[in-house]
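Written out below as structure tokens is the structure these notes cover.
The values are calculated or read from the model by the stated rules, or taken from the named source; none is laboratory data. If you're wondering where the values come from, they're calculated on a predicted model, not measured in any experiment. Because the Cβ atoms are built from the backbone with ideal geometry, glycine has one as well, and the counts that use them run over all protein chains shown.
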Amino acid sequence: MNFGAVDWILTVAYLLASVALGIWAKRYVENLAGYMVAGRKVKVSLGIATFVATELGTVTYVYYGELGYVAGFSGFIIGILAMVAYAVVGRTGFIIENLRRLRVMTIPEYYELRYSRRVRLLGGIILFLGGVLNMGIFLKFDGIFLSEVMGFGPGALAIIMTVMLLIVVSYTVLGGMFSIVITDFMQFVVLAFGMLVATIAVLWRVDLTSISTAVSTTLGASGVDPFANPRFGWTFVLWIFVSSVAAGALWQPGTSKALASESPEVAKKMFFWTGLTFAGRAMIPMFWGVAALAFFGPGLTSAAAMPKLLGAVVPPGFLGLLVAGMLAASMSTYSAYLLAWSSVLARDVIGCTRPRDFSESTTVAITRFVAGVIGVFLLVFGLWYQIPDTAFQYLYVTGAMYTSGALGCVAAGMYWRKANKIGAYASLIMGAVAPAGFLVLEKSRDALPAWLTFISDVNIAGILSFFLAALGMIVGSLASQRTSPPKHLTTAEQP
């Protein structure tokens, strides 16, 4: 491994600077809007930087690198689908434009405006559970990356995870969205340079001919054709595209960037231009994973292969810069996710159990406390849980627990006048059934009766969640028009 004294200095200095910025940002948090959506003052260029940084954590590199190692170039289809989906959301303003006009801070707030407070409560619970489960593997995969790149090995995983957790929670809890936005721009710059250096180093040591030969020899046609790859196929492609559209419009950590923008027009531009970067976001770490297959051959632990390659080929000094960039990426992702899920629990779950909302200062205090509790959960869950299939598919199926029902509720609420609270309940519950069933049953798939084995296929569970959510909204609403007439936004609430 090449990690030396200079690398340590660069990494530690960056961490100290990030925490100092989080503490400094605390002075600008004047109220709840300041803490959760940065006072709605974010402009296009800063919004793009913070959005990219949020969606490009170390876990992103590791799960895409893992996919490149086990699936070759066929995984590149994921980056193309994500790019198209986010660009479409940005160009059309699908959902995000109206949410920004309504000046909500979380997605479940819309449920109360359009349906009822109890729908908001149910939606908040599902969003929180799905989001925290989705985030549950972040810390473990970041620890794997750092332990392999820095040469510690798997024995140091728990220590690295604990140190990362303390750093990220501290500046997120202190500064909220202000600290996230301020540090994200710095992290965006460091990360972009680190990715460039790492790619050059990989190409210097592993030529394209060797990479192509390794893919054809080890994976055959499935290494270049996603429809021939047994991990993917048409079901997977359809699921990932629909899920990417839903996540682009409704995934709370990303949507919060639109809600923090200074206008709906800025939100649309932010999503469009950020969407164009999503192909590279997937393909670059996948390429590193494919290069790891050529450099080491098959047989390594799939999640550790790409980090092990970077630790071997990136020269000293630059390796420290790369690790600093990866830590930057992780801190951006963790902070945005911690703030998103803690704010949902504080405002949309705990707050909805009361007849009136908490005061702003109380909501901020609860949000900070919940962020710390989530951090402890991430540490315990990450060390204990064994991930089914690949990390990428786990992340998308846990995300579908929320995004499928949310897409049914919000899209129908905005674009279909017959949508009502019964349809909303059905959409939220039925959308969560298939992903939850997969997570519960996949460990015992061999013991399942034949008629239930389909639920242990992650791709089928994923696309089924969106179909069931849409079905629940349509049937539930149409069957209850008389007993539960639709509630429409008042003139004052109209976007």
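Just one of (1) of a type outside the set (Lys, Arg); (2) more than 27 Å from Tyr334 (Cβ to Cβ); (3) under 17 Å from the mean Cα position of the chain (by Cα) fails for Ala258. It is (2). If you go through the range 373-387 and keep only what is under 17 Å from Glu442 (Cα atoms) and buried (at least 17 other Cβ atoms within 10 Å of the Cβ), you end up with just Ile387. A residue that is hydrophobic (A, V, I, L, M, F, W, C), in contact with a helix residue (DSSP H, G or I) (Cβ under 9 Å, 6 or more places away or on another chain), crowded, with 24+ Cβ neighbours inside 10 Å and under 23 Å from Ala158 (Cα atoms) occurs nowhere in the range 283-300.
Among the residues of the range 131-149, are any farther than 18 Å from Ser427 by Cβ, free of Cβ contacts under 8 Å to residues at least 12 places away in the same chain and touching a Leu at 6+ places or on another chain (Cβ under 9 Å)? No. In the condition set (1) in contact with a Leu (Cβ under 8 Å, 6 or more places away or on another chain); (2) modelled with pLDDT of 95 or more; (3) not β-branched (Val, Ile, Thr), Leu478 is compliant with all but (1).
Of the helices (runs of 4 or more DSSP H) lying entirely inside the range 301-404, the ones with 1 or more residues being at pLDDT below 80 and among the polar types (S, T, N, Q) are found at 318-344, 360-384. When you look at Ile78, is it at positive phi and buried (at least 22 other Cβ atoms within 10 Å of the Cβ), yes or no? In short, no. Do you know which of the residues in the range 226-269 that are part of a helix (DSSP H, G or I) and hydroxyl-bearing (Ser, Thr, Tyr) is farthest from Leu395 (Cα to Cα)? The extreme case among them is Ser256. Taking first residues from the range 362-380 that are among the basic types (Lys, Arg) and partners that are in a helix (DSSP H, G or I), the Cβ contacts under 8 Å between residues at least 6 apart in sequence or on separate chains come to Arg368/Val173; Arg368/Ser342. Within the range 88-97, the set of residues being part of a helix (DSSP H, G or I), of a type outside the set (Asp, Glu) and buried (at least 20 other Cβ atoms within 10 Å of the Cβ) comprises Val89, Gly90, Ile96. For Gly155, the criteria (1) of a type outside the set (A, V, I, L, M, F, W, C); (2) in contact (Cβ under 8 Å) with a residue 12 or more places away in the chain; (3) not in a loop (DSSP other than H, G, I, E, B) hold in every case but one, which is (2). So which residues in the range 204-225 are part of a helix (DSSP H, G or I), in contact (Cβ under 8 Å) with a residue 60 or more places away in the chain and surrounded by fewer than 16 Cβ atoms within 10 Å (Cβ to Cβ)? Answer for the range 204-225, where residues must be part of a helix (DSSP H, G or I), in contact (Cβ under 8 Å) with a residue 60 or more places away in the chain and surrounded by fewer than 16 Cβ atoms within 10 Å (Cβ to Cβ): Trp204, Arg205, Ser210, Thr213.
Listed here are the residues, each with its yes/no results for (1) touching a strand residue (DSSP E or B) at 6+ places or on another chain (Cβ under 6 Å); (2) more than 16 Å from Ala340 (Cα to Cα); (3) in a helix (DSSP H, G or I); (4) not acidic (Asp, Glu).
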residue: Glu66; (1), (2), (3), (4): no, yes, yes, no
residue: Ala71; (1), (2), (3), (4): no, yes, yes, yes
residue: Ile80; (1), (2), (3), (4): no, yes, yes, yes
residue: Tyr110; (1), (2), (3), (4): no, no, yes, yes
residue: Leu121; (1), (2), (3), (4): no, no, yes, yes
residue: Ile126; (1), (2), (3), (4): no, no, yes, yes
residue: Gly131; (1), (2), (3), (4): no, no, yes, yes
